[in-house]
Amino acid sequence: MMQEIQFVRAQTLKAKPQDESKLGFGRIFTDHMFTMRYDRENGWHDAKVEPYRALSLEPSCMVLHYGQAIFEGLKCYRREDGGLQLFRPRDNFERMNTSAERLSIPTFDVEDAMAGLLKLLEIEKDWAPSQRDTSLYIRPFIIATDPFVGVRASNTYLFCIILSPVGAYYANGLAPVGIYVEDQYVRAVRGGLGFAKTAANYAASLKAGEIAHQNGYAQVLWLDGVELKYVEEVGSMNIMFVLDGKIVTPALNGSILSGITRKSILQLAADDGFEVEERRIAIEEVVRAAEEGRLQEAFGTGTAAVVSPVGELCWNGKKIILSGGKIGPVTQRLYDELTGIQWGREEDRFGWVLKL
Ligand code: COI
């Protein structure tokens with residue numbers, strides 16, 4: 001276990017957002033952040049909660065050149081009784097270590113990260129909004145900090161956690177999103193970085209995202225990087241289909257992010273009596289099922305996106321409207337169950353919640 005976490009209080013505190021219906025996503029940051037540093041001699045050390053401020057990095061800082069950067073996303077939820085809770089937080093730090101391992105970043109002790117997060121939240125708890133569907137988004141990240149422009153893994157790193165009060169990720173909340181199935185660019189390939197939560201995957205997605213936007217779609221659905229044939233994920237969320245009444249989602253194959261919301265929804269759905277399938281799904285199968293009336297619903301799952309209905313899919317010029325462009329009953333039910341547990345309105349029947 002690390003030594004004590006130092007606390008350096010901010011000199012001035014910011015005004016908290018007045019209107020919680022206008023938080024949007026990821027634009028407002030709290031007064032403090034958690035940091036710790038890594039070097040070869042000391043391992044992870046120098047843990048602090050300190051004022052949120054601009055970082056000072058040399059222009060030669062390795063992360064700026066070769067992208068050794070990983071991150072996570074989780075949320076702190078305010079219950080109706082005013083108390084706060086987290087949803088499966090250790091799973092995020094464990095996944096972060098999986099990403100670290102892939103990017104040749106030194107792993108950390110999950111309990112050190114938990115201690116840092118809990119101390120930060122204790123100090124910043126008043127920033128957690130209380131209006132329905134809002135939360136305090138938690139963004140842990142690690143960057144390589146050596147001032148060096150040769151290509152190798154850095155010897156020094158910064159681990160940081162910042163907090164942001166948020167509303168819905170998509171501007172129009174739970175309204176169904178239109179998704180463009182990308183048939184030219186790919187997000188990840190087998191043996192690459194797809195399973196890691198690393199900056200490069202998001203950089204790789206931007207171009208296709210812009211094209212999708214120009215065509216009136218909110219997000220991109222990625223196909224596999226070899227044959228452009230099998231459905232992978234959306235980038236900000238995993239994808240699920242209600243097909244012949246079953247919940248069907250792409251199996252984790254190394255190029256898909258192992259979503260914590262994804263695995264939670266699969267468990268909830270199975271517990272609700274749905275048949276659940278994790279397997280390879282060809283985009284042609286999805287289109288055929290839609291044409292034959294066997295595709296009832298599609299939805300995305302993610303921490304930021306929660307459970308997000310898909311109202312339309314566009315592939316190869318074909319447009320598929322799902323559930324009449326509205327949220328379908330299965331999506332609504334799983335949304336209600338998951339958010340019920342996350343915000344403490346429903347019993348935590350799987351032991352997922354950590355009350356603060
Ligand atoms: C999340 O769901 O927390 C994510 O990290 C997705 C996105 C905001 C990049």
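See the values below:
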{"read-out": "Probe 1.4 Å, accessible area per residue of the range 258-349, Å²", "value": "42"}
{"read-out": "Per-residue [θ]222 nm for the chain (sum of -39500 (n - 2.57) over DSSP H runs n ≥ 4, rounded to 500)", "value": "-7500 deg cm²/dmol"}
{"read-out": "Average accessible surface area per residue within the range 6-166, 1.4 Å rolling probe, Å²", "value": "45"}
{"read-out": "Percent of alpha-carbon pairs separated by more than 24 Å within the chain", "value": "58"}
{"read-out": "Qualifying trypsin sites (Lys or Arg not before Pro) in the range 41-149, DSSP loop, other Cβ atoms within 10 Å at most 14", "value": "Arg53, Arg132"}
{"read-out": "Computed lengthening from Glu291 to Leu13, 0.36 nm per intervening residue step minus Cα-Cα distance", "value": "94.5 nm"}
{"read-out": "Gln184-Glu122 FRET efficiency (beta carbon distance; Förster radius 41 Å; 0.05 resolution)", "value": "0.30"}
{"read-out": "Whole-Hz ³J(HN,Hα) from phi, Karplus 6.51 cos²θ - 1.76 cosθ + 1.60, for the range 77-90, glycine and proline x", "value": "10, 9, 6, 5, 7, x, x, 10, 8, 10, 10, 6, x, 5"}
{"read-out": "Residue-wise HN-Hα coupling along the range 108-122, computed from phi with Karplus coefficients 6.51, -1.76, 1.60 (Hz; x: Gly, Pro)", "value": "10, 7, 3, 5, 5, 5, 4, 4, x, 4, 5, 5, 4, 5, 4"}
{"read-out": "Heavy-atom SASA rank of His65, His45 (probe 1.4 Å, accessible area, largest first)", "value": "His65, His45"}
{"read-out": "Spin-label pair Glu346/Gln3, simplified geometry with 7 Å Cα→Cβ offset, distance in nm", "value": "4.7"}
{"read-out": "Estimated FRET transfer efficiency (Asp271, His45; beta-carbon r; R0 51 Å; 0.05)", "value": "0.75"}
{"read-out": "From phi via Karplus (6.51, -1.76, 1.60), per-residue ³J(HN,Hα) for the range 209-223 in Hz, x at Gly/Pro", "value": "x, 5, 5, 4, 4, 4, 8, x, 10, 7, 9, 10, 9, 8, 9"}
{"read-out": "Protein accessible area in the chain, 1.4 Å probe - carbon and sulfur %", "value": "49"}
{"read-out": "Heavy atoms of Glu227: accessible area, 1.4 Å probe, square angstrom to 10", "value": "110"}
{"read-out": "Per residue solvent-accessible surface (Å²) - the range 168-246, probe of 1.4 Å", "value": "42"}
{"read-out": "Prolate/oblate/rounded label for the range 121-219 (Cα gyration tensor, a/c 1.5)", "value": "oblate"}
{"read-out": "Added length on full extension, which subtracts the Cα-Cα distance from 0.36 nm per residue, Asn155 to Ser130", "value": "4.9 nm"}
{"read-out": "Percent of beta bridges antiparallel (DSSP, the range 246-309, rounded to nearest 5)", "value": "50"}
{"read-out": "The range 62-174 shape via C-alpha gyration tensor axes, a/c threshold 1.5", "value": "prolate"}
{"read-out": "Dipole magnitude of the chain about its Cα centre (Cβ charges: Lys, Arg +1; Asp, Glu -1), debye to nearest 20", "value": "560"}
{"read-out": "Gap separating the Cα centres of the range 169-189 and the range 217-286, nearest whole Å", "value": "13"}
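The values are calculated or read from the model by the stated rules, or taken from the named source; none is laboratory data. Computed from a predicted structure; not experimentally measured. Glycine also receives a Cβ, built like all others from the backbone with ideal geometry; neighbour counts cover every protein chain displayed. Surface accessibility is based on the protein's heavy atoms, side chains included, excluding ligands, DNA and RNA. Shrake-Rupley method; radii C 1.70, N 1.55, O 1.52, S 1.80 Å.
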